[in-house]
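Down below is the structure, laid out as structure tokens.
The values are calculated or read from the model by the stated rules, or taken from the named source; none is laboratory data. All of these numbers come straight from a predicted model, not from anything done at the bench. Here the Cβ positions follow ideal geometry from the backbone for every residue, glycine too, while neighbour counts run over all protein chains shown. What goes into the accessible areas is simple: the full protein's heavy atoms, side chains included, and nothing from ligands, DNA or RNA. Shrake-Rupley method; radii C 1.70, N 1.55, O 1.52, S 1.80 Å.
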Number of protein chains: 2
Amino acid sequence: MSGKTVSLDDAIAYVARVLEANRTSGPNARRVAEALVLAEADGLKGHGLSRLDSYAAQAASGKVDGFAVPSVDRRASAALAVDGANGFAYPAIDLAIDGLAGLAPVTGVAAAGIRRSHHCGAAGHHVERLAQKGLVALLFANTPEAIAPWGGSKAVFGTNPIAFATPVAGELPMVVDLSLSKVARGNIMKAKQEGQPIPEGWALGPDGAPTTDAETALKGTMVAMGDAKGAALALVVEILSAGLTGANFATEATSFFDAEGAPPGTGQLILAFDPRAFGGDGFAARMAALAELIEAQDGTRLPGRRRIANREKARQEGLVLPAAMLEKFGPV
Amino acid sequence: MSGKTVSLDDAIAYVARVLEANRTSGPNARRVAEALVLAEADGLKGHGLSRLDSYAAQAASGKVDGFAVPSVDRRASAALAVDGANGFAYPAIDLAIDGLAGLAPVTGVAAAGIRRSHHCGAAGHHVERLAQKGLVALLFANTPEAIAPWGGSKAVFGTNPIAFATPVAGELPMVVDLSLSKVARGNIMKAKQEGQPIPEGWALGPDGAPTTDAETALKGTMVAMGDAKGAALALVVEILSAGLTGANFATEATSFFDAEGAPPGTGQLILAFDPRAFGGDGFAARMAALAELIEAQDGTRLPGRRRIANREKARQEGLVLPAAMLEKFGPV
């Protein structure tokens, strides 16, 4: 059995039902289901349906509070402090985005810091929503420890994604979404399963020396994209997403995967800018001109465009719910 | 003759005098002189005294308006739109920093977009000043074209620096300052002068193919740090620093070095965050704890610390004004 193909709506309903059966409120289950299914539709499998098993286990064990209701506190006129209340990240991010969408047109720039949060999934989706409202948006998030300070051997920073989106006149938003490790840890886990070596430069062993052995790499640290510069950026993202927000640092955060221990308590910082408050008119048209300069070159691609193509295909053809999932959580 | 060693104050007075003799107002000359001498003292020679020749020539030709008076417009409560008026960048950046230092404690986050600007020099110095006031700060700047979109062959983005600073309890601020090219273009110019090849991965030829020939590289584009991910970040910085601010894109900007043509008109975006508005108390103490996690590891270094050591040494021992400079612009 190779799984079952269903519509996106049916996939969302299925995932929500699984989460509701695992100590999660109806509204939270629905919101998390939408996020996982959209990531899967976009082809971002690491943030998609593959997470359901561990999300459900974490809600069932209470590591994630499936009934959490996030709250927001406006401590300064352009700043929102959001408490994720150790629930899933998505409802807290919604609160941040709704708040920022209201504030930024008045304040020009606004920021929301989210603490007691969790895995933020496909970070590009969150900023994309602000771009759809005509705002330029940035997101910084931290994750459990993965990357060492440059020259060191112990992880202090997460893989710490940065996401960015901007409106583009007459087009879909441009969306950049990248993590600061050279490659995703999943690539190393896959190499280990297959008994293959990994390329030099991906990871360091526990002694801080470069390694091509997948097992040694998994005990060590991930190399930052751009080496020393990327490790410095990982520090910057750690400070913005966890220091500023009052969230747990990478070194304090428990795993996003297993159901053991305290909640991860990681953080996100989201910024929204209203272009009218800075450079004046014509911003979206200039973005279209910039996009054209990129697209006019052979071999290039606007960031985020492959996701959109995947999403469109998934809307038309549906998604596969894997056999193992149906076996574990029951039929659609 | 190998130059003359003078105190930092005497170096500033000398540089200011040279600029005043080249169609620059007294206050602007003084401010630019301070910036160049501080960069030189910090060991950042690419942003230090080596720039005086080209700065003076640009002021003399009128490409930079040495008499420019920047202005600021507060179009939204947390947003400043600064017009650099095609002068040197530093007076415009001062206006932005003074404004942000006043706003951020009220608004929680504030941003200043600077247009019609110029080379911003040692970007870390600007954010460091905000950190000295207890604020967390970010700076994004664009520069004339250098980096192609990933997969392409024509430069669309500058080397686009990112700078960041944070207060640290009981310590000097942590300062990150990096440009998004893998290496500085100066390294390639040096290799060309010495008739040496460059390592693969630094640059692409005009056809978009990797090259180890310095001359071919100088006709082509610089590779971004972190390859595809770094090129995506260069796009993000281009949009924040030039798109949002209404400044010239990299493709529209003239050289920061020669005295020909229209003003570069590049841009900077500076953000200031008041930590009290987000995660609550104890921010600076947590930064000290994070710094300790980094410093406790052999082989690591807190970002910005080497500059501070250089600066201290220069304060005590003075700086060398190069012989060629004294020959061209007269004795101290």
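Details
- When the surface is traced with a 1.4 Å probe over the full set of protein chains, B:MET189 keeps roughly 90 Å² accessible.
- Taking the inverse of the mean reciprocal distance over all distinct Cα pairs, the Kirkwood hydrodynamic radius of the protein assembly as shown comes to 25.6 Å.
- The H on the amide N of A:GLY87, modeled in the peptide plane, is under 5 Å from the matching H of A:ASP65, each at least 5 residues off or on a different chain.
- Residues whose amide H comes within less than 5 Å of that of B:VAL168, counting only those at least five positions distant or on another chain, are B:MET174 (H built at 1.01 Å from N in the peptide plane).
- Measuring r between the beta carbons of B:SER2 and B:GLN193 and using R0 = 22 Å, the FRET efficiency lands at 0.65.
- Accessible surface ranking that places the most exposed of A:GLU215, B:GLU260, B:GLU34 first, with a 1.4 angstrom probe: B:GLU260, A:GLU215, B:GLU34
- Listed residue pairs exceeding 28 Å between alpha carbons, taken from B:LYS45/B:LYS219; A:LYS45/A:LYS219; B:LYS182/B:LYS328; A:LYS229/B:LYS4: B:LYS182/B:LYS328; A:LYS229/B:LYS4
- Close amide-amide hydrogen proximity is noted between B:LYS182 and B:VAL223, B:ALA224, B:MET225, each under 5 Å apart and 5 or more residues distant or on a separate chain (H modeled in the peptide plane; Pro and chain starts excluded).
- Peptide-level mean, for A:77-85, of C-beta atoms on other protein chains within 10 Å: 5
- Summarising the strand pairing of region A:1-137, around 40 percent of its internal DSSP beta bridges are antiparallel.
- Intensity falloff of region B:1-59 expressed as log10 I(q)/I(0), Debye formula with alpha-carbon point scatterers, at q = 0.25 Å⁻¹: -1.02
- Region A:1-70 - percent of accessible surface contributed by carbon and sulfur, probe 1.4 Å: 53
- Considering only beta bridges that DSSP places wholly inside chain B, some 85 percent are antiparallel.
- For region B:180-332, the alpha-carbon coordinates run over 53, 44, 38 Å along the three principal axes, in decreasing order.
- Backbone HN-Hα couplings from phi across region A:62-74 [Karplus 6.51/-1.76/1.60, Hz, Gly and Pro as x]: x, 4, 9, 7, x, 9, 4, 10, x, 9, 10, 10, 9
- Taking chain A as a Gaussian network of alpha-carbon nodes connected by springs under 10 Å, the highest mean-square fluctuation of the residues A:ALA309, A:ALA11, A:ALA231 belongs to A:ALA309.
- Debye log10 I(q)/I(0) for region A:88-235, one point scatterer per Cα, at q = 0.21 Å⁻¹: -1.16
- Take A:GLU252, move 7 Å from Cα toward the beta carbon, and the resulting point lies 4.4 nm from the same point in each other copy, nearest first.
- Taking all pairs of distinct alpha-carbon atoms in region A:273-328, Kirkwood radius in angstrom: 15.0
- Kirkwood estimate for region B:187-228, i.e. one over the average of 1/r between Cα atoms, Å: 9.9
- Label spacing, shortest first and in nm, from B:PRO206 to its equivalents in the remaining copies (7 angstrom along Cα→Cβ): 5.5
- Label 7 Å beyond Cα on the Cβ vector: A:ARG315 copy-to-copy distances, nm: 6.0
- Chain B: relative contact order in percent, alpha carbon pairs under 8 Å with at least 6 residues between: 23
- Taking every residue in A:167-180 and counting other chain Cβ atoms within 10 Å of its Cβ, the average works out to 2.
- The listed residues A:GLU312, A:GLU292 rank as A:GLU292, A:GLU312 when sorted by accessible area, largest first, using a 1.4 Å probe.
- For A:THR216, the solvent-accessible surface with a 1.4 Å probe is about 50 Å², rounded to the nearest 10.
- Region B:3-88 - percent relative contact order, Cα under 8 Å, separation 6 or more: 24
- Placing a label point 7 Å from the Cα of A:ARG74 along the Cα-to-Cβ direction, no residue of region A:237-252 has its backbone N under 13 Å from that point.
- Calculated on alpha-carbon atoms, Rg and Dmax of chain A in Å: 19.9, 57
- B/A buried area, accessible surface, summed, 1.4 Å probe, Å²: 5600
- Interface burial in region A:211-240 reaches 20 Å² or more for A:MET225, A:GLY226, A:LYS229, A:ALA232, A:LEU233, A:LEU235, A:VAL236, A:ILE239, A:LEU240, comparing the full protein assembly with the chain by itself; accessible area from heavy atoms with a 1.4 Å probe.
- Inter-site label distance for B:ASP10 and A:LEU172 at 7 Å from Cα along Cβ, in nm: 6.4
- Peptide A:99-108, shielding by other chains (average Cβ, 10 Å cutoff): 4
- Rolling a 1.4 Å probe over the protein heavy atoms leaves A:MET287 with an accessible area of roughly 0 Å².
- Screening chain A for whole DSSP H helices of 24 Å or more along their axis (Cα) with average Kyte-Doolittle hydropathy at least 0.0 returns A:89-107.
- For region B:216-306, fraction of C-alpha pairs farther apart than 21 Å, in %: 62
- Based on protein heavy atoms only, chain B ends up with 37 Å² per residue of surface accessible to a 1.4 Å probe.
- Three semi-axes describe the equivalent ellipsoid of region A:93-163; taken as square roots of 5 times the Cα gyration tensor eigenvalues and ordered largest first, they are 28, 12, 11 Å.
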